[in-house]
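Below: the structure, in structure tokens.
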Amino acid sequence: MQYHLNGFRPGDPATGVRIAELDAHANELPREVDVLIVGGGPTGLTLAAQLAAFPDLSVVVVEQKPGRLELGQADGIACRSMEMFEAFGFSERVLKESYYVNETTFWKPSEARRANIARSGRIQDVEDGLSEFPHVILNQARIQDFLLDVVHQSSSGREPFYGRRLLHLTNDPSATHPVTATLERVDTGVRETIRARYVVGCEGARSVVRTEIGRKLAGDSANQAWGVMDVLAVTDFPDIRFKCAVHSAHEGNLLVIPREGGYLVRLYIELDKLKNSERVLDKNITAERLVAAAQRILQPYTLDVKEIAWWSVYDIGQRLTDKFDDVPEDAMPERMPRIFIAGDACHTHSPKAGQGMNVSIADAYNLGWKLAAVLRGRSSPAILHTYSAERQSLAQELIDFDRAFAKMFSAPPKDPSNPDAGGVDPAEFQAAFVKAGRFTAGTAVHYRPSLIVAEATHQTRATGFVIGTRFHSAPVIRYADARAMHLGHTIKADGRWRLFAFAGSGDLASAQSPFYRLFAFLTESSQSPIRKYTPDGADIDSVIDVRAIVQESHRDLRSDTLPPLSIPNKGRYGLRDYEKVFCADPASDIYDMRGIDRTHGALLVVRPDQYVANVLPLDATAELAAFFDEFMLTADVPELVGASHR
Ligand code: FAD
């Protein structure tokens, strides 16, 4: 974390404007905003947190609930979401509070006594090296709290406008703020309007915005109903502190999700696998009946529920919208999107693979920086088309995966004494679970070539940083202070592009090496994207942030050999930023771990949402310039010095 750039400030470096000051304005809905976010769930709040990084943008969140969420809903947090939380600055808070899913166990009908269950397998939950972060469990309400804290800590952020429900939208393309939203105050019924340059519908599966742009959620409306309860219980079931999938012979299926704090546990009970008399269709499900079902599934073990903190019937199908914005496919060349949908408004998932909240947060992270770049005059509005293109096809893949996974989960376990009766072999289910690991971790996302993702022409220069996938972090040693850290943690949710220049062997010995020539190009050439796209008076790294990584030990490297752009002067005092040069860590060498060409080095272009946009040779400066020229706009907007960071 870097701070004090524009002068020393005592106190907590993370805290910006005091919440009390913000709340004073909480009920005065502005007439016009840059972005109106409808819905204050994880999707809307992630978008708000991302946009809060830009004090020059006005953003309003409207939420129909009277206040913050306190209980219930989703709780599974994939490794990739943790990587995003690191970018937003609160991963360590989640790590501190959450349950870590280290191993998952599987239970099936006991071969000795079919009426009882027995453990059939145990696997490591996340494969080694997939992410530097674990898969964790923490209630959605806490994630929303952390996102709200990010909003509050920015100088522009404010609390959502609670108790306001969106009724409908109109769009007048000729206006500066083309979209007018009509809202209703939930307590009084009073109507209000607000005009916005962009509107994003993050209001869940029953999205009004989606209906207003004429889109539908298509898919399985024959929903699967799950009984879900967060309980405090005394049990002799030995795996109560493991995530586990339990298939009983005759009583249905159960998913155990241990929760934060050491005692709480979530139980998911698949309702349509219960005997007819217990089904949700009876509209008779009560918490007591769910407890009774869990007790029967877990036999011969006992479950004595002392307290039910929250319970619900989560009735959901795998459904998807065909496009995530208001522009029909055939109008895309001439029309730019103004209205978007994100999260559950576009796709719904079964809870079995734990996708809902994670995919939703990632939608918002994908869209947020693009909206900011367009609103601030940094990028062509054409990049907004990539949001639906990238996230809709990904959602389709995830839904296909979820459907197959859910089907397998729900199938009865194969009976070894009667193999022809069908069902799934628990070993087969376990193998599918392992294979699905990258999907469930959120790391399998691979965007196709577009305006902001290059064709993989030079992928061989860094085979472990696959173009179109997220920057897979690896350890490095920071040169200035010998701090061992993760290179990926330099990528914050601040809307900046990154260039990572990995020096080739021997590059530091010659001023004419590709490494030095790259830095000379970036600093001096009129074609340099840094020179072209950084506004006058702004810090040199405020639009594109360059980081250097070398193979030499931090003890051997001499600071006078480093290119000035890698230790730039910034802020009102022209202080030097010493945190941009890294050395390979001999204990876990990033060149080996990520397949970087040791001889020639490599240049990585990384998007503000941490996706690898291009891999280039260090001397491919013309290709680098051409890549940015496709979508960046020359800066003619005034910039606050140091606005992008403290
Ligand atoms: P949501 O979390 O649904 O947030 C949407 C927000 O928009 C809500 O706060 C809502 O009040 C608000 N809103 C809706 N309409 C309007 C309007 N017209 N105007 C203003 N505001 C509006 N996932 C699991 O994995 N396991 C679970 O057990 C589970 N249980 C769930 C139970 C419920 C009741 C719900 C709604 C969801 C559940 N989910 C569960 C799904 C998971 O919570 C979602 O995938 C995730 O929250 C998606 O986030 P979102 O922000 O897109 O939508």
query: Any idea how far apart His168 and Ser393 come out in nm if each label point goes 7 Å out from Cα toward Cβ?
result: 3.6 nm
- prompt: Farthest toward the dipole's positive end in the chain, which of Ala389, Ile137, Leu616, given Cβ charges of +1 (Lys, Arg) and -1 (Asp, Glu) about the Cα centre?
  reply: Ile137
task: Place +1 on the Cβ of every Lys and Arg and -1 on the Cβ of every Asp and Glu in region 339-433, take the dipole about the Cα centre, and give the residue among Gly377, Ala431, Pro419 whose Cα lies farthest towards its positive end.
output: Gly377
field: region 101-172, relative contact order in percent, only Cα pairs under 8 angstrom and at least six apart counted
entry: 22 percent
- line: Whole-number value, in Å³ per residue, for the convex hull of the alpha carbons of the chain is 171 Å³
task: Could you calculate the FRET efficiency of His250 with Asn102 from 1/(1 + (r/R0)^6), where r is the beta carbon distance between them and R0 is 30 Å, rounded to 0.05?
output: 0.45
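As a check on your grasp of the helix formula, calculate [θ] at 222 nm for the chain: sum -39500 (n - 2.57) over DSSP H runs of n ≥ 4, divide by the residue count, round to the nearest 500.
Taking each H run of at least 4 residues, the total per residue is -7000 deg cm²/dmol.
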message: With +1 assigned to the C-beta of every Lys and Arg and -1 to the C-beta of every Asp and Glu, and no other charges, what is the dipole magnitude of region 159-221 about the Cα centre in debye, to the nearest 20?
response: 120 debye
query: Roughly how many debye, to the nearest 20, is the charge dipole of the chain about its Cα centre, given +1 on each Lys and Arg Cβ, -1 on each Asp and Glu Cβ, and no other charges?
result: 440 debye
- prompt: For Arg68 and Ser588, what is the calculated FRET efficiency with R₀ set at 41 Å and r taken between the beta-carbons, to the nearest 0.05?
  reply: 0.50
task: Could you tell me the distance between the Cα centroids of region 348-365 and region 474-514, to the nearest Å?
output: 32 Å
- line: For the chain, averaging the sequence separation of alpha carbon pairs under 8 Å that lie six or more residues apart and dividing by its residue count, the contact order in percent is 15 percent
message: Defining a contact as two alpha carbons under 8 Å apart and six or more residues distant in sequence, what relative contact order in percent does region 281-373 show?
response: 20 percent
- request: Starting from the Cα-Cα distance between Ala482 and Lys407, subtract it from 0.36 nm times their residue separation and give me the gain in nm to one decimal.
  value: 22.0 nm
Label zone at Thr599, where the point sits 7 Å out along the Cα-to-Cβ direction: region 449-484 residues whose backbone N lies under 13 Å: 461
- line: Quick calc: nm separation of the 7 Å Cα→Cβ label points for Ser510 and Ser526 -> 3.0 nm
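Highest mean first, what order results for 195-207, 119-131 on Cβ atoms within 10 Å?
Highest-to-lowest ranking by the protection proxy: 195-207, 119-131.
What FRET efficiency would be calculated for the residue pair Asp145, Ala309, taking the C-beta separation as r and a Förster radius of 22 Å, to the nearest 0.05?
0.85
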field: Among Gln318, Val445, His600 the positive-end extreme of the charge dipole of the chain (Cβ point charges)
entry: Gln318
- prompt: What's log10 of I(q)/I(0) for region 149-229 at q = 0.24, 0.25 Å⁻¹, Debye sum over Cα points only, no solvent?
  reply: -1.18, -1.21
query: Tally Lys/Arg at +1 and Asp/Glu at -1 over every other residue whose Cβ is under 12 Å from the Cβ of Gly189; what's the total?
result: +1
statement: Given backbone amide H placed at 1.01 Å from N, residues whose amide H is under 5 Å from that of Asp545, ignoring those fewer than 5 places away on the same chain, are Trp497, Arg498, Leu499
- request: With +1 on each Lys and Arg Cβ and -1 on each Asp and Glu Cβ, and nothing else charged, work out how big the dipole of region 508-568 is about its Cα centre, in Debye to the nearest 20.
  value: 160 debye
- request: Determine the gain in length on full extension of the stretch Asp556-Ala626; use 0.36 nm per residue of separation and subtract their C-alpha separation, reporting nm with one decimal.
  value: 21.6 nm
Set Lys323/Lys492; Lys306/Lys414; Lys306/Lys407; Lys108/Lys407; Lys96/Lys243; Lys65/Lys96 screened for pairs whose C-alpha atoms are more than 24 Å apart: Lys323/Lys492; Lys306/Lys414; Lys306/Lys407; Lys65/Lys96
task: Starting from the Cα of Asn116, step 7 Å along the direction of its Cβ; do the same at Leu451; then give the gap between the two resulting points in nm.
output: 6.4 nm
query: Near Arg335, within a Cβ-to-Cβ distance under 12 Å, what is the net charge of the other residues, with Lys and Arg +1 and Asp and Glu -1?
result: -4
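Read-outs throughout are calculated quantities, based only on the coordinates presented, and are distinct from any laboratory measurement. This one's a predicted model, so the numbers in the text were calculated from it and none came from an experiment. Cβ: placed from backbone, ideal geometry, glycine included. Neighbour counts: every protein chain shown.
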